[in-house]
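First comes the structure, then the notes that go with it.
Every number here is computed from the coordinates shown, using simple stated rules; none is lab data. Because the structure is predicted, anything quoted here is derived from the model rather than measured. Cβ placement follows ideal geometry from the backbone for every residue including glycine, while neighbour counts extend to all protein chains displayed.
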């Protein structure tokens, strides 16, 4: 289920049925739950928890350092719940220590192509983010919200 061309850090923890496509990179302190499918060319940087039955498409960058001048390499986290669809080119960043050190995506969300969720954002359940929707840092989005351009 893990393509031999994928690179998985020795400290990553993947459920036994996780699928990882070719040329994907999964870094340290990453945990991926059962039934999740990681497409090709996905980067899951570090300190990221991904729940069960998620689908992450090609060229997504998950759990990367945030784009914030106050971030200086501290250990921060990204949590993604269950049953989410994260389409191609999405970027989801970890939090900052000046907030709760956490960015969180709930359950049953659809993040269409090129969505960006910045540091310290909290996204509820059953949301839809249309192509190119962007949240700057420290934004909270309630359940059932639909965001688009």
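In whole percent, what relative contact order does the range 60-149 give with Cα contacts below 8 Å and a gap of six or more residues?
Values: 264 pairs, mean separation 21.5, N = 90.
Contact order relative to length: 24 percent.
When you take every Cα atom in the range 58-141, what is the radius of gyration, and what is Dmax, the widest Cα pair distance, in Å?
Both quantities, over Cα of the range 58-141: 11.7, 33 Å.
Arrange the peptides 139-146, 85-92, 128-135 so that the one whose residues have, on average, the most other Cβ atoms within 10 Å appears first. Let's see the in-between values first.
Numbers: 139-146: 13.8, 85-92: 20.9, 128-135: 17.5.
Put in order of decreasing packing, that is 85-92, 128-135, 139-146.
Can you tell me how much longer the chain between residue 85 and residue 126 gets when fully stretched, taken as 0.36 nm per residue apart minus their C-alpha distance, in nm with one decimal?
Numbers: separation 41, 0.36 × 41 = 14.76 nm, distance 1.07 nm.
That pair, residue 85 and residue 126, stretches by 13.7 nm at full extension.
Defining a contact as two alpha carbons under 8 Å apart and six or more residues distant in sequence, what relative contact order in percent does the range 44-101 show?
Rounded, it is 45 percent for the range 44-101.
Determine the principal axes of the Cα atoms in the range 1-119, then give the extent along each, sorted from largest to smallest and rounded to whole angstroms.
39, 30, 20
How much length would be gained if the chain were fully extended between residue 55 and residue 15, taking 0.36 nm per residue of separation minus their Cα-Cα distance, in nm to one decimal?
13.0 nm
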